[in-house]
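A.B. asks: Got a structure for you, questions after.
Quick note: the coordinates plus some simple rules give every number you see, no bench work behind them. Quick caveat, the model's predicted, so the values are computed rather than measured. For neighbour counting, all protein chains shown are included, and Cβ atoms are generated from backbone atoms with ideal geometry for every residue, glycine included.
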Amino acid sequence: MLHNENREIRSLLHEGRIGLELESQRTDRSGRLSRTRHPFPEHGPIVRDFGEAQLEINTRPVESPEAALEALHDTLKTVHARLREREELLWPFSNPPIIGSEEDIAIAAFSGAEQPKYQYRRYLAQKYGKYQMTYSGIHFNYSFSEELLRRSARLEGVEARSGFRDWKDRFYLDLAEQVLAHSWVVVALLGASPLTDSSFFESGQTGQTVFTGSASLRSGPLGYWNHFSPLLSCESMEEYVNSIQKYIDSGMISQASELYYPVRLKSAGAYSLDALREQGADHIELRMIDLNPFAQDGIALDDLRFLQLLLLWLASRPRKPLDASAQVFALQNQKNAAAYDWSMIRIAKEGRFVPLQQALDEVLTEMESFFADADAADRSALACQREKLRDPTRRCAVRVRSAFGGDYIRAGLRRAAEIQEGFYV
């Protein structure tokens, strides 16, 4: 853990690097998934996710939420400029636009040396169905500064390079447990996808707006989940990697990326279990964030700041190991928190079941106390989340239902066009 009571640690607390991954579907001007080829074959940061129409933007790691948003914005300029030429738009929601039929969801057309990527996506389509693969969202990657971690390690008597590697792995493993136990907080506060088109639930039935009853469909029971509840060991990096590998060896998943889990530990470079075992943890990835259609870049700056603050707070808490039962409850908490009606939600917390609003109040109160001497930007980020608790109409999911519930597709197209044109004002 980070020893926040130490003045040096406190002064370095915000030093870290943020990288964002944004997924979004390309659509035509009628609100249907684009059937054209990926328009950025030569552009490294702009790739494809599952489908040929699903863009994924990967930003370089930067040192602040402001810089992360700027990096994302700069890449989105390139995206919107090309799409504008092609009379296409980026769909602003995590839930998909009109899907005429499953045939409209074209698997990303990798070929040549990248043919295994296509075969993997075909496998996913056969196992989970293509519709589940049309969700989009944002992944938040965060690495704590090496100096911050080394100073924290020295406070615990760790000096040697080999000892620091083990300490750093232990730090990220502890944090992964804390994030899993609190993933429901992110889903509750940042959920933004209560609506979808009728074609998502019934093939051929297009153009009708459906209120799903979820604030975040992709994080709820109908979202990105395996056909089993994964149980991972955080006792050591070796055990963490082995607990994922066992699902591969048993045939339950084909590779590590198929483990649909709210949080991942990653080494530097391409994600693989071998790299994680050999190099250790470099950063942590939060995978449960919805696109915010009211933000030009898909996520608001206050929300980015809040995600950083949440990680800093969690990293400064004593370890609370999650046994198998606690892990199951943590995953269920996230699914429960994805529901739209907060008054119906209970959160399993330290052996008790409490109303979601009470659980949120407890978390925000602790965070506000922890960051009592924070600067204005951090206080604004916390106040933004607190306001959602005081006034539920400030929740993004509630705002989305109010603004787009009359006609999800037409209103969504108008918003997508506004976002695109906003890059040229």
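A.B. asks: Compute the Kirkwood hydrodynamic radius of the chain, taking the inverse of the mean of 1/r over all pairs of distinct Cα atoms, and give it in Å to one decimal.
C.D. replies: Here the Kirkwood hydrodynamic radius works out to 22.1 Å.
A.B. asks: Please list, ordered by chain and number, the residues whose modelled amide H lies under 5 Å from the amide H of Ala339; skip anything fewer than 5 residues away on the same chain.
C.D. replies: Ala215
A.B. asks: Go ahead and estimate [θ] at 222 nm for the chain from helices alone: -39,500 (n - 2.57) per DSSP H run with n ≥ 4, summed, over the residue count, rounded to 500.
C.D. replies: Computed ellipticity for the chain at 222 nm equals -13500 deg cm²/dmol.
A.B. asks: What number does the range 8-86 give for Rg over Rh if you use C-alpha atoms and the Kirkwood radius?
C.D. replies: 1.12
A.B. asks: Separate question: Please report the net charge: other residues with Cβ closer than 10 Å to the Cβ of Ser136, K and R +1, D and E -1.
C.D. replies: -3
A.B. asks: Short version: ³J(HN,Hα) in whole Hz for each residue of the range 312-317, in order, from phi by Karplus 6.51 cos²θ - 1.76 cosθ + 1.60 (θ = phi - 60°), x for Gly and Pro, what are they?
C.D. replies: 5, 5, 5, 5, 9, 9
A.B. asks: Taking 10 °C and 1.306 mPa s as the conditions, I'd like the Stokes-Einstein D for the range 275-399 in µm²/s, using the Kirkwood hydrodynamic radius from alpha carbon pairs.
C.D. replies: Diffusion coefficient, whole number: 97 µm²/s.
A.B. asks: Per residue, how big is the convex hull of the range 146-260 when only Cα atoms are used? Give it in Å³.
C.D. replies: In the range 146-260, the Cα hull volume divided by residue count equals 152 Å³.
A.B. asks: For Gln126 and Glu103, compute 0.36 nm times the residue count separating them, minus their Cα-Cα distance, and round to one decimal in nm.
C.D. replies: Additional length available on full extension: 7.0 nm.
A.B. asks: Moving on. To the nearest 10 degrees, how steep is helix 324-337 against the longest Cα principal axis of the chain, on a 0 to 90 scale?
C.D. replies: 40
A.B. asks: Let me ask something additional. Quick one: which residues, 5 or more positions from Ser233 or on another chain, have an amide H under 5 Å from its amide H? H modelled 1.01 Å from N in the peptide plane, none for Pro or chain starts.
C.D. replies: Ser243
A.B. asks: Follow-up. What is the angle, in °, between the Cα long axis of helix 115-128 and the longest principal axis of the Cα atoms in the chain? Nearest 10 is fine, range 0 to 90.
C.D. replies: 90
A.B. asks: Would you mind checking the tilt of helix 376-390 against the longest principal axis of the Cα atoms of the chain, expressed as 0 to 90 degrees and rounded to 10?
C.D. replies: In the chain, helix 376-390 runs at an angle near 70 degrees to the longest axis.
A.B. asks: Quick one: what are the phi-derived ³J(HN,Hα) couplings along the range 91-98, Karplus 6.51/-1.76/1.60 with θ = phi - 60°, whole Hz, x for glycine and proline?
C.D. replies: Listing the rounded values in order: 5, x, 10, 6, 7, x, x, 5 Hz.
A.B. asks: What is the fewest-to-most order of Trp91, Trp167 by other Cβ atoms lying within 10 Å of their Cβ?
C.D. replies: Listing Trp91, Trp167 from fewest to most nearby Cβ atoms yields Trp167, Trp91.
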